[in-house]
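These notes concern the structure reproduced below.
The values are calculated or read from the model by the stated rules, or taken from the named source; none is laboratory data. These numbers were taken from a predicted model, which means no experiment stands behind them. All Cβ positions, even for glycine, are placed from backbone atoms using ideal geometry, and neighbour counts span all protein chains on display. These accessible areas exclude ligands, DNA and RNA; they are computed on the full protein's heavy atoms, side chains included. Shrake-Rupley method; radii C 1.70, N 1.55, O 1.52, S 1.80 Å.
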Amino acid sequence: MKRSVLAALFLLGGCASQAPTGPSITPTAHTDFRHDTLALTWQPGFCATGGGCEWDQTHRISIGLHGLWASEPHSLEAQGVPVQEWWSKGCDLYDHNDTPPKLLPTTVEALRGVVPHLKKPLYMHEYTKHARCFGYDADRFFVTSMEMRDRFAASAFGLWLSQQAGFQVKRDDMLATFARLMNVGDTRALQVRCEPAHNGQMVLTQLWFTLDPKKLSRFPYEGAYLSSPNDQNGCPATFLVPGWTAPFVADQRP
């Protein structure tokens, strides 16, 4: 990377304490949970693994949106529900309801620009599994999630990550760069996820951020983060951050 680009990134990192005043969302049911996980996709890797993405997947961006997930409510923990069951079933532990969320046409169009294209719309799955039982307004939930993605993509670390496309990266270097550029000291605030691409190479697919539900408006800057209680890093010591020239399959992921 050119020295001038690095200097600009570190200058942005130095401004990380100036958190934005972005929108947030407030649950109205089952509010007794500790943290949110914002899952962002690295689209070239996400679409080059598993069953891939649909033929109309946009290549306009590399940093996409998977979802915003609340941690297991304490009331379920008190009932002895394992966290793995919460991860697997989510809101279905309360009741099964696959009613699609009511969204404005502009919100649906915006989601198509940032959410991976699968045979079954991912945003519908994300809402029915991870959001509907918390009483969020569906449109506000997704607009907030997308605005958080936008702020990350424009941050010092988001810009740095985009510069790594096509290069091998060391996991520890990536985590250290995140902590330095964004002035984040919480351990496990960021966890990176990798999967084998169709050529067998391990590639970056997702970034999971553990966040304070009451401080989502501060993301991606300091003050927004918590330490994940579960170690879910899924990348080897060195992995590829692929660009859009990576293998691409116009099919659904399993």
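Quick rundown of the values:
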| quantity | calculated |
| --- | --- |
| Test result for D36, of a type in the set (D, E, K, R), open to solvent by less than 20 Å² (accessible area, probe 1.4 Å) and in contact with a Pro (Cβ under 8 Å, 6 or more places away or on another chain) | yes |
| Residue in the stretch 83-107 that is surrounded by the most Cβ atoms within 10 Å (Cβ to Cβ), counting only those that are more than 18 Å from A70 (Cα to Cα) and without any contact (Cβ under 8 Å) to a residue 12 or more places away in the chain | T106 |
| Count of the stretch 110-124 residues which are under 12 Å from P100 (Cα atoms) and in contact with a His (Cβ under 8 Å, 6 or more places away or on another chain) | 1 |
| Pair list, Cβ under 6 Å, 6 or more apart: the stretch 204-215 residue in contact (Cβ under 8 Å) with a residue 24 or more places away in the chain, other residue in a strand (DSSP E or B) and small (G, A, S) | Q206/A39; W208/A39 |
| Residue, nearest to T37 (Cα to Cα), within the stretch 96-115, restricted to residues that are at pLDDT 95 or above and part of a loop (DSSP other than H, G, I, E, B) | V115 |
| Residue pairs meeting the criteria (Cβ under 9 Å; at least 6 apart or on separate chains; first closer than 12 Å to G67 by Cα, in the stretch 144-157; second of a type in the set (D, E) and open to solvent by less than 40 Å² (accessible area, probe 1.4 Å)) | S145/E126 |
| Meets criteria (open to solvent by less than 60 Å² (accessible area, probe 1.4 Å), assigned to a loop (DSSP other than H, G, I, E, B) and farther than 16 Å from A138 by Cα) for G80 | yes |
| Among residues of the stretch 155-178, those that are in a helix (DSSP H, G or I) and either of a type in the set (D, E) or touching a strand residue (DSSP E or B) at 6+ places or on another chain (Cβ under 8 Å) (or both), counted | 9 |
| Cβ pairs under 7 Å, 6+ apart, first in the stretch 111-132 and farther than 16 Å from I61 by Cα and open to solvent by 20 Å² or more (accessible area, probe 1.4 Å), second at pLDDT 95 or above and part of a loop (DSSP other than H, G, I, E, B) | Y123/V115 |
| Matching residues in the stretch 183-215 - criterion: being touching a Pro at 6+ places or on another chain (Cβ under 6 Å) and either part of a helix (DSSP H, G or I) or surrounded by 20 or more Cβ atoms within 10 Å (Cβ to Cβ) (or both) | A197, V203 |
| Residue check, F152 over 23 Å from L93 (Cα atoms) and in a helix (DSSP H, G or I) | yes |
| Meets criteria (among the acidic types (D, E), more than 17 Å from the chain's Cα centre (by Cα), on the phi < 0 side of the Ramachandran plot and open to solvent by 40 Å² or more (accessible area, probe 1.4 Å)) for D139 | no |
